[in-house]
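Note sheet for the following structure.
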Amino acid sequence: MGTTMKQILLLRHAKSSWEHEGLQDFDRPLASRGLRDAPAMGYFIRKTAHKPDMIVSSPAQRAKETTELVLEGMKGSTEIIHWNKDMYFGSMKNYLEAIQQADKWVERIMLVGHNPTIENTAAALSGSERSGSIRMPTAALVCLNTYAAEWKQVNWATCQLVWMMIPKVLKHI
């Protein structure tokens with residue numbers, strides 16, 4: 001039997017709006033570009049057969065909208081979403097813990113979060129020496145493979161960066 005590979009998708013929320021003065025950062029919605037990019041990224045996920053079994057998302061408004069629009073684009077079920085405030089307030093350690101705590105049956109997990117934490121997590125998981133050496137614009141999606149047999153074995157520098165897709169490139173393919 002070959003080793004089954006688990007996959008981690010890291011998605012930065014889509015472009016958010018700064019139009020509404022006085023809104024708390026947590027409550028900022030998506031800008032029109034974000035509203036276009038998020039479902040397009042979901043469609044890309046579906047077309048490339050990378051649908052996650054589980055999504056752990058920040059509940060901040062722009063991440064929530066991103067998650068829901070991506071899900072729509074990939075024709076997924078809302079049942080796979082777990083809202084986790086640590087994806088907004090937390091650190092890289094919280095992102096790693098969210099991965100390590102994934103259910104046994106999950107083969108592909110997607111985290112939806114914010115910069116700089118999501119960029120730094122992508123870099124640390126793939127073992128990049130310089131933290132932040134992976135630049136993730138809004139709605140960027142990073143795919144990592146891990147050869148860990150169980151999610152709890154996933155740790156820093158145990159994953160391989162497979163690809164990254166960004167909305168700007170998606171428009172041209």
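FYI, it's all coordinate maths here, none of it is from the lab. From a predicted model like this one, the values you see are computed outputs, not experimental measurements. Note that each Cβ is placed from the backbone with ideal geometry, even for glycine, and that neighbours are counted across all protein chains shown.
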Fill in: Using θ = phi - 60° and Karplus 6.51 cos²θ - 1.76 cosθ + 1.60, couplings along the stretch 73-78 (whole Hz; Gly, Pro as x)
x, 9, 6, x, 9, 5
Worksheet entry | Of K75/K152; K6/K152; K47/K152; K85/K168; K6/K168; K51/K85, pairs whose Cα-Cα distance is over 18 Å | K75/K152; K47/K152; K85/K168; K6/K168; K51/K85
Worksheet entry | Electrostatic dipole magnitude of the chain [Cβ: Lys, Arg +1; Asp, Glu -1; Cα centre; debye, to 20] | 520
Worksheet item: Just E97, E68, E79 to compare: in a GNM of the chain, with alpha carbon springs under 10 Å, which one fluctuates most?
Response: E79
Worksheet entry | the chain: most fluctuating residue of D53, D25, D103 per GNM, C-alpha cutoff 10 Å | D25
Fill in: Helix-derived mean residue ellipticity, 222 nm - over the chain, DSSP H n ≥ 4, -39500 (n - 2.57), to 500
-9000 deg cm²/dmol
Response to the item:
At 25 °C in a medium of viscosity 0.890 mPa s, the stretch 1-159 has a Stokes-Einstein diffusion coefficient, with Rh taken as the Kirkwood radius over alpha carbon pairs, in µm² per second, of 157
Worksheet item: Hey, can you rank 147-156, 81-90 by average C-beta count inside 10 Å, highest first?
Response: 81-90, 147-156
Worksheet item: So for the pair Y147, R46, with labels modelled 7 Å out along Cα→Cβ, what separation do we get in nm?
Response: 3.5
Worksheet entry | Top positive-direction residue, dipole computed over the stretch 6-170 with Cβ charges, set G42, I80, V112 | G42
Practice prompt. Mind checking the full-extension length gain between S32 and S128? Use 0.36 nm per residue of separation minus the Cα-Cα distance, one decimal, nm.
Written response: 31.2 nm
